[in-house]
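To start, the structure under review is shown below, and the notes come after it.
The values are calculated or read from the model by the stated rules, or taken from the named source; none is laboratory data. Everything quoted here is computed from the prediction, not taken from an experiment. As a convention, Cβ positions derive from the backbone with ideal geometry for all residues, glycine included, and neighbour counts pool all protein chains shown. Quick note on the areas: whole protein, heavy atoms, side chains included, nothing else; ligands and nucleic acids left out. Shrake-Rupley method; radii C 1.70, N 1.55, O 1.52, S 1.80 Å.
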Amino acid sequence: MRTPIVAANWKMHKTVKEAADYFRRLLELVPARPPVELVIFPPATILWMAQKHLGGSAVAWGAQDAYPEPQGAFTGEISVVQIADLGAKYLICGHSERRHIFQEDDRLVGRKVGAALESGLIPILCVGERLEEREAGRAWQVVEGQLAAALAELELPSPAKLVIAYEPVWAIGTGVPARPEDAQEMAARIRDWLRERFGKAGAQVRIQYGGSVKPENAREFLTLPDIDGALVGGASLDPDKFWAIAQAATS
Ligand code: PEP
């Protein structure tokens, strides 16, 4: 049984005051034992607040990125160990904005996934093709390459220790989501790949869809057989909308 996981990626949004208002409202909406796992990914400046407001609640939280070295001369970076030390549960690894704006390559993404697991964090590994790659019929080739590169060295102790987010780059922040049938096809291929790579545990890893998910279309994705949740950017900035999306996972 794969519990749906719906995650909010706030990206570079929200001040301390805005975050406090959000956490308060979200905790009013979410019951003590929601049927969906909820995760908030605030910017680094808000992580301490996530710990303060969400610690002990049914809502988990994590970081949008972290550097794989535990400590050292890496000005401006925050380490995976430091994120784990704050009490985070999840770490996004290889979001397309990190890959394409900050030129993160597969090797670095793989190091982040490995470091997250070593520190006790659960990586959400983001994979996805660009529009020209899809149009050239290379979508699966690209996604498979990203999976293979990031997970090459990995041991998977349990399916709960990894989440994959399939996020076609052209659907992120554009208002144009993938067609549900294309998202399902890709998720099924990812699941087959995970089964092949990790055996039975691999087949139970949760796979999210991300890319312009909103309350109006969430059900189309969250009821697909191989999609176990969503990674949500824009629409997650409003706690009511985020909760509405999460509810679609079990409606
Ligand atoms: C994301 O940031 O991972 C994302 C999917 O963004 P949006 O929902 O805005 O497309």
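The distance linking region 1-31 with region 173-251 is 17 Å (Cα centroid to Cα centroid, whole angstrom). Think of a 1.4 Å ball rolled over the protein heavy atoms: the chain then has 45 Å² of accessible area per residue.
Considering only A160, A84, A32, the mean-square fluctuation computed in a Gaussian network model of the chain, springs between alpha carbons under 10 angstrom, is largest for A32. Amide H contacts of I122 (H built 1.01 Å from N, in plane; Pro and chain starts excluded): Y90, L91 sit under 5 Å, all sequence-distant by 5 or more or on other chains. Cross-link partners among lysines for K200, C-alpha distance below 21 Å, same-chain residues fewer than 8 apart left out? Within the straight-line limit of under 21 Å, K200 reaches these lysines: K161.
Database remark: amide H of I40 closer than 5 angstrom to the amide H of A8, A60, W61, G62 (H placed geometrically; neighbours at sequence offset of 5 or more, or on other chains; Pro and chain starts carry no H).
For region 1-148, what relative contact order do you get, as a whole percent, if you take Cα pairs closer than 8 Å and at least 6 residues apart? Intermediate results must be reported in sequence, preceding the final value.
Numbers: 214 pairs, mean separation 25.8, N = 148.
Rounded, it is 17 percent for region 1-148.
The candidates F74, F198, F221, arranged from most to least accessible area with a 1.4 Å probe in the full protein assembly, appear as F74, F198, F221.
What area, in nm² and to one decimal, does the C-alpha convex hull of region 46-139 cast on average over all directions?
Values: hull surface 28.8 nm².
Its average projected convex-hull area is 7.2 nm².
Using only side-chain charges placed at the Cβ, +1 for Lys and Arg and -1 for Asp and Glu, the dipole size of region 82-168 relative to its Cα centre rounds to 180 debye. Based on every Cα atom in the chain, Rg and the maximum pairwise Cα distance Dmax equal 16.7, 48 Å. Spin-label model, S251/F74: points 7 Å from Cα along the beta carbon direction are separated by 4.1 nm.
Just the number, please: carbon plus sulfur as a percent of the accessible area of region 5-248, 1.4 Å probe, no ligands or DNA/RNA counted. Can you show the working numbers first?
Numbers: 5520 of 10820 Å².
The computed percentage sits at 51.
Averaging sequence separations of C-alpha pairs under 8 Å and six or more residues apart, then dividing by the length of the chain, give the relative contact order as a whole percent.
Values: 491 pairs, mean separation 52.6, N = 251.
Reported as a whole number, the value is 21 percent.
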